[in-house]
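Student: Just passing along the structure, written as structure tokens.
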Amino acid sequence: VRPPVDWLRELVACRSDVAEEPLVALLAGWLKPWGARITIQTVHPGRPNLIATFPGHVAARSLMLEAHSDTVGGEGQFTPTVREGKLYGRGACDTKGAMAAMLSGIETVLVEQGLPPVTVHFVSTCNEELGATGAHHLVANGFRADYAVVGEPTDMRIVYAHKGSLRLRLHTQGVAAHSSA
């Protein structure tokens, strides 16, 4: 079983700041030999989602492990560098580090157990940085899972909600007044 840092080195070295297609191809190449059923959804030109499904012992229950494939654009930092026990490079924290941990976990389960306990969907969505259109596309096209782990950096704190909005229309009754009265 490969250590997560080995996965992370290759993920960081694969540019995904302009288009995610090269990273999705890399992931598909790794996951298909493990027996994954690969689905690639084209969301925008050069910007696909990847869904790799591993049927589990209890196929009716499912877990999604999701990490977005895009990184913030910019120059440099595509060569992974290790300093003082930490790997640095574009996307290492957000979210290629989580992706590497997920890959290592899936590989460990497959090697040790053959099948995961439930169906596992490894999902890499595109365009998180500019509107999360990959995640919206995933849901709009019928993807569902019973449970989800989203690999955003949280300093190891469990976060049970993420980006969203709440818009309310409020109607009141009464008489206008000022607190001085």
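Student: If the requirement is being crowded, with 16+ Cβ neighbours inside 10 Å and of a type in the set (Asp, Glu), which of these qualifies: Glu84, Glu128, Glu112? Walk me through how you get there before you give the answer.
Tutor: On the way: Glu84 fails: crowded, with 16+ Cβ neighbours inside 10 Å; Glu112 fails: crowded, with 16+ Cβ neighbours inside 10 Å.
It is Glu128.
Student: Can you tell me which residues in region 60-96 are outside any strand (DSSP E or B), more than 19 Å from the chain's Cα centre (by Cα) and among the β-branched types (Val, Ile, Thr)?
Tutor: Result: Thr79, single match.
Quick grid of which residues meet (1) touching a Leu at 6+ places or on another chain (Cβ under 6 Å); (2) under 21 Å from Gly105 (Cα atoms):
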residue	(1), (2)
Val24	yes, yes
Ile51	no, yes
Leu65	no, yes
Thr71	no, no
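Student: I need the full set of residues from region 157-169 which are at pLDDT 85 or above and of a type in the set (A, V, I, L, M, F, W, C), in order please.
Tutor: Selection gives nothing.
Student: For region 127-181, give me each residue that is of a type in the set (A, V, I, L, M, F, W, C), under 26 Å from Val109 (Cβ atoms) and either part of a loop (DSSP other than H, G, I, E, B) or touching a strand residue (DSSP E or B) at 6+ places or on another chain (Cβ under 6 Å) (or both). If you could, list the steps in order and put the result at the bottom.
Tutor: The first filter runs over region 127-181 and keeps only residues of a type in the set (A, V, I, L, M, F, W, C), leaving 130, 132, 135, 138-140, 143, 145, 148-150, 156, 158-159, 161, 166, 168, 170, 175-177, 181.
Pick out the ones that are also under 26 Å from Val109 (Cβ atoms) and you get 135, 138-139, 143, 145, 148-150, 156, 158-159.
Passing the criteria: Leu138, Phe143, Ala145, Ala148, Val149, Val150, Met156, Ile158, Val159.
Student: Within region 15-24, can you find the residues that are within 17 Å of Gly151 (Cβ to Cβ) and at pLDDT below 95? Outline the logic, then answer.
Tutor: As a first pass, look at region 15-24 and keep what is within 17 Å of Gly151 (Cβ to Cβ): 16, 20, 23-24.
Ser16 - this is the single residue of region 15-24 that is within 17 Å of Gly151 (Cβ to Cβ) and at pLDDT below 95.
Student: Same structure again: Of everything in region 31-56 that's in contact with an Asp or Glu (Cβ under 8 Å, 6 or more places away or on another chain) and outside any loop (DSSP other than H, G, I, E, B), which residue is least open to solvent (accessible area, probe 1.4 Å)?
Tutor: Within region 31-56, the first condition is being in contact with an Asp or Glu (Cβ under 8 Å, 6 or more places away or on another chain), and the residues that meet it are 34, 46-48.
Keeping just the survivors that are outside any loop (DSSP other than H, G, I, E, B) gives 34, 47-48.
Working: Trp34: 63, Arg47: 42, Pro48: 8 Å².
The residue in question is Pro48.
Student: Report yes if some residue within region 151-160 is among the basic types (Lys, Arg) and surrounded by fewer than 20 Cβ atoms within 10 Å (Cβ to Cβ); otherwise report no.
Tutor: Taking region 151-160 as the starting set, the residues that turn out to be among the basic types (Lys, Arg) are 157.
Within this subset, residues satisfying the condition of being surrounded by fewer than 20 Cβ atoms within 10 Å (Cβ to Cβ) are 157.
Yes, there is a match, as at least one residue in region 151-160 is among the basic types (Lys, Arg) and surrounded by fewer than 20 Cβ atoms within 10 Å (Cβ to Cβ).
Student: I need every pair where a residue in region 100-122 that is on the phi < 0 side of the Ramachandran plot has its Cβ under 7 Å from the Cβ of a residue that is open to solvent by less than 20 Å² (accessible area, probe 1.4 Å) and of a type in the set (S, T, N, Q), sequence separation at least 6 or different chains.
Tutor: Val118/Ser62; Thr119/Thr53; Thr119/Ser62; His121/Thr53; His121/Ser62
Student: Given the options Leu115, Leu50, Leu110, Leu103, name the one that is of a type in the set (A, V, I, L, M), touching a Ser or Thr at 6+ places or on another chain (Cβ under 7 Å) and within 27 Å of Arg144 (Cβ to Cβ).
Tutor: Numbers: Leu115 fails: touching a Ser or Thr at 6+ places or on another chain (Cβ under 7 Å); Leu110 fails: touching a Ser or Thr at 6+ places or on another chain (Cβ under 7 Å); Leu103 fails: touching a Ser or Thr at 6+ places or on another chain (Cβ under 7 Å).
Unique residue meeting the criteria: Leu50.
Student: Please state which of the following conditions Gly91 fails to meet, knowing it meets all the rest: (1) touching a residue at least 60 places away in the same chain (Cβ under 8 Å); (2) touching a strand residue (DSSP E or B) at 6+ places or on another chain (Cβ under 9 Å); (3) farther than 17 Å from Ala28 by Cα; (4) crowded, with 17+ Cβ neighbours inside 10 Å.
Tutor: (2)
Student: Right, here's the next one. Listed residues Ala67, Ala59, Ala28; which is touching a strand residue (DSSP E or B) at 6+ places or on another chain (Cβ under 7 Å), free of Cβ contacts under 8 Å to residues at least 60 places away in the same chain and either of a type in the set (Gly, Ala, Ser) or buried (at least 21 other Cβ atoms within 10 Å of the Cβ) (or both)?
Tutor: Details: Ala67 fails: free of Cβ contacts under 8 Å to residues at least 60 places away in the same chain; Ala59 fails: free of Cβ contacts under 8 Å to residues at least 60 places away in the same chain.
Only one candidate qualifies: Ala28.
The values are calculated or read from the model by the stated rules, or taken from the named source; none is laboratory data. None of these values were measured; they are calculated from a predicted model. Heads up, the Cβs are rebuilt from the backbone with ideal geometry, glycines too, and the neighbour counts pull from every protein chain shown. Accessible surface areas use protein heavy atoms only, side chains included; no ligands, DNA or RNA. Shrake-Rupley method; radii C 1.70, N 1.55, O 1.52, S 1.80 Å.
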